[in-house]
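Written out below as structure tokens is the structure these notes cover.
Every read-out reported here was derived from the displayed coordinates using simple, explicitly stated rules and does not represent laboratory data. This structure is a prediction, so every number in the text was calculated from the model and none was measured. Cβ atoms come from the backbone with ideal geometry, glycine included; neighbour counts cover every protein chain shown.
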Amino acid sequence: MNREAWSAVAETAKIAVEDPRSLVPGAPDLEPIVKTEDLWKVYRSGALDVPALRGVAMEVLPGEFVAIMGPSGCGKSTLLHVIGGLAQATRGRVLLDGNDLSEMTDAGRTKLRRHKVGFVFQRFNLLPTLDARGNIAIAQHIHGDGFDPHRFDVVTHMLGLAGRLRHRPAELSGGEQQRVAIARAIINEPKILLADEPTGNLDTKNSESVLHMLRQLNQQLGQTTILITHNPEAAAFAHRVLHMRDGQIVDSIPAD
Amino acid sequence: MIGELVWRNTLHRPLRTLVSIVAVGVEVSLILLIVGLTHGMLREVAKRIEGVGADIMVQPPSASMFLAFSGAPMPVSIGARIADLPHVKAVAPVLVQLSSSGGLDVVYGIDPSSFDAVSNGFVYLQGHRLESPDDVLVDDWYARARNLKAGDTLHLLGHNFHVAGVVEHGKGARVFVQLKTLAQLTGSPDKAALFYVKCDVPGQTALVSKEIGQLLPRYQIRPIREFLSLMTATNVPGLNTFVRSMIALAAAIGFLVIFLSMYTTIIERTRDIGILKSLGASKAYIVRALLGETALVCAAGIVTGILMSYGASLLMRELFPTLTILITPGWILRAMGLAIGAGLAGATYPAWLASRKDPVEALAYE
């Protein structure tokens, strides 16, 4: 995508985000980009069935920044994995940009992940043998459109990584590693960015920096984002907060 | 990009990579050296027999093509009857004996005059022809291997011989003694294991062979060219099986080392595989990355193996001058194919396992 097209996307998304109707679930003129219906995920532990998700129903609209909060073990990460196609739901439906993940094969979900989902993890999950540049470029390579130097430059400058690209993960600070992970996640312009406790391994300063970046991406580029967090201060960066308990969403409220 | 990933991953564990490369190198060099030694020795023996300059070889019925394994059941007097046939220029009776003192060597017992008549004589680098019963001639390779020169004493077949001369290699054997002396030492008086026959015109070989066949029915009468064509590993009982077993063993080494290396690699890189899956890498992409790494290791191993083979060949030539190792482009290509095949086969199962890893479990791997 060239600079003009990229700017146009950013502008369109900005308008959508600024439209207050887009923040309201069920807004009449917007189709949700993520929709789950009666979503169950049951793990087998020996002879026991352990339900991690118990009939989750939720919607996320394009351009929304949604935080999911809840105690440990309530199913937040499992929900994120199922929405992102990393795990298969036991029952129920997940619609991601109109695609029903529950009907898809593993190969189909892999393809969907490649083209429509970006992940950011608590432990950064960078490939240790590649430098920062390689970690970002490999996402473009897997995406299949080849290396786009303009897009690469825009993203790395936006995330303040230009001077650190030749460093390997072990040579970067936690904050820098997470910024590389964010760059890798958004380099292919995914429909949705799924961030699983992205500040969990960062100090306060770096946490704030990462959260500001996520909000900036949402506000400037219209990047739809789902953020899993324990931290109410992190959740405050989102438009809306969903609370989970025992595998269910118990409420959905606008963030402060 | 996948090339960079493969390259970086290969360098990530240098010792493991080095061990894998050396293992593939050993596999390749084992194949090249065993095949090279087998083919080299056979070719060298064939060249020496060809170097005698005879046109026909006469052996008793049921004699082995391995001259040293044949007994000596033919009376030397048969030679005179062969010599009387039309178009026969010379006949040389030869007694063949295997000596195991200080290595396996074939000793020819010859009548110097008739052998010279067939072979046009030796090229003497030192000394003189066989004169006394205790004289021995050795070729230059044998002399170099045993550090011998004319005038030295050589203990052979339980007898002390006087080294009469050192001759240029390539005339049937490496060691020559008088026919009568060898006959006495082996208890085969007036017997010969074979006759080399020289025709007056080379084009008469078929005719002379036919005449000898009529004179000595059931004897083995072979034109030298036909005999040389039989000097292959296929015609040596058990040799092909031995060579194939060694090749299979070498390929098994390559297979097992690569299997183990890639298996430990995918366990160590479980989380990396999860990361690639989270980015949307297909199973084929992950298999390709791991097989690419294997191919790179195999390529480096092949180069190492070829260099090791030539190095070992040079070393063996210095240590054992009578050994010949023949490394041919054809067998280099076959060894390369076997190394790549065994390596990729060894990596296939680990790569398949990696491609099937559950991404969530892989990402949680410590």
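Couple of notes before you dig in:
- Inter-label distance, nm, simple model (7 Å from Cα along the C-beta direction), B:Leu207/A:Glu233: 11.3 nm
- Other-chain or far-sequence residues with amide H under 5 Å of B:Lys191's (modelled H): B:Val76
- Stokes-Einstein D in µm²/s, Kirkwood radius over Cα pairs - the protein assembly as shown at 20 °C with 1.002 mPa s viscosity: 70 µm²/s
- Inter-chain shielding of B:277-290 (mean C-beta neighbours from other protein chains, 10 Å cut-off): 6
- Rounded to the nearest whole Hz, the Karplus-based 3J(HN,Hα) values (6.51 cos²θ - 1.76 cosθ + 1.60, θ = phi - 60°) of segment B:157-169 follow the sequence 6, x, 9, 8, 9, 9, 6, 7, x, 10, 10, 5, 5, with x at glycine and proline.
- Remark: mean inter-chain Cβ contacts per residue of A:139-147 equal 4, using a 10 Å Cβ-Cβ cutoff to other protein chain atoms.
- Counting 0.36 nm for each residue step from B:Ala80 to B:Ser62 and taking away their Cα separation leaves a gain of 4.3 nm.
- Counts of other chain beta carbons within 10 angstrom of each beta carbon in peptide A:123-133 average 5.
- Taking label points 7 Å from Cα along the Cα-to-Cβ direction, B:Lys47 and A:Glu189 give a separation of 7.0 nm.
- Legend: ranking of residues B:Thr38, A:Thr90 from fewest to most surrounding C-beta atoms inside 10 Å; resulting order A:Thr90, B:Thr38.
- Rounded to 10°, Cα long-axis angle of helix B:14-51 versus longest principal axis of chain B: 20 degrees
- Cα extents for chain A along the principal axes, largest to smallest and rounded to whole angstrom: 49, 45, 38.
- The modelled label-to-label distance for the pair B:Leu215/A:His212, using points 7 Å beyond Cα in the direction of Cβ, is 11.0 nm.
- Value of relative contact order over chain B, rounded to a whole percent, pairs C-alpha under 8 Å and six or more apart: 29 percent
- Angle between chain B longest axis and helix B:2-12 axis [Cα atoms, degrees, rounded to 10]: 80 degrees
- Angle between chain B longest axis and helix B:205-215 axis [Cα atoms, degrees, rounded to 10]: 60 degrees
- Sequence-separation-based contact order of chain A, relative, with Cα cut under 8 Å and 6+ spacing, percent: 28 percent
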